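So the structure is just underneath, and the comments pick up after that.
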Amino acid sequence: MPNGNPPLTEQDRQRVRELHAQGLTRNEIGRAIGRSASTVSKLAKELGLTFDRSKTRAATEAKVADAKSRRAALALNLLGDAERIREQLWQPCRVYSFGGRDNVYSEEWHERPDFAAQLKILQATGVALDKVMRIEAHDADTHGLAAVDQWLRDMIGD
């Protein structure tokens with residue numbers, strides 16, 4: 001008992017066979033016999049049993065598709081943000097300050113932002129564009145779903 005769990009018995013194996021035959025899921029079997037899902041997966045593999053993962057696969061595919069759709073909408077919003085930020089490079093702008101002994105507010109209008117403000121505008125534009133490109137690169141990875149599927153197979157022992 002090196003890991004603190006009691007050793008697997010023939011009774012555990014038989015119970016897994018019975019519960020699997022009844023159509024219970026891996027997690028349900030684990031709860032019923034007081035073992036972890038990974039232990040049930042190992043036992044099932046040892047016994048030549050598999051679990052129907054079609055619902056899990058379909059749910060995973062739907063979740064991946066939903067996330068991709070949300071990222072696409074976010075990328076479009078960020079692209080719009082980048083455009084609006086960049087437009088500020090050449091727009092009149094208000095420069096204001098609080099100063100003096102009485103902390104008086106003052107403001108002036110300038111034809112366009114000064115160099116330091118233009119630099120910040122370009123940096124913010126660049127950050128937004130970089131994020132758009134990262135989202136697009138991430139979603140161009142067609143191996144994402146395959147990786148999730150393989151992870152599920154490894155977890156279940158299929």
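The values are calculated or read from the model by the stated rules, or taken from the named source; none is laboratory data. Computed from a predicted model, the values in this text were never measured in an experiment. Heads up, the Cβs are rebuilt from the backbone with ideal geometry, glycines too, and the neighbour counts pull from every protein chain shown.
Filtering region 56-79 for residues that are more than 30 Å from Asp139 (Cβ to Cβ), at pLDDT below 95, surrounded by 11 or more Cβ atoms within 10 Å (Cβ to Cβ) and basic (Lys, Arg) leaves an empty set. Residue count for region 15-37, restricted to those that are part of a helix (DSSP H, G or I) and more than 13 Å from Asn5 (Cα to Cα): 15. When Val132, Val95 are screened for being surrounded by 10 or more Cβ atoms within 10 Å (Cβ to Cβ) and in contact with a His (Cβ under 7 Å, 6 or more places away or on another chain), only Val95 passes.
In the set Lys55, Lys68, only one residue is without any contact (Cβ under 8 Å) to a residue 60 or more places away in the chain and under 30 Å from Asp154 (Cα atoms); that residue is Lys55.
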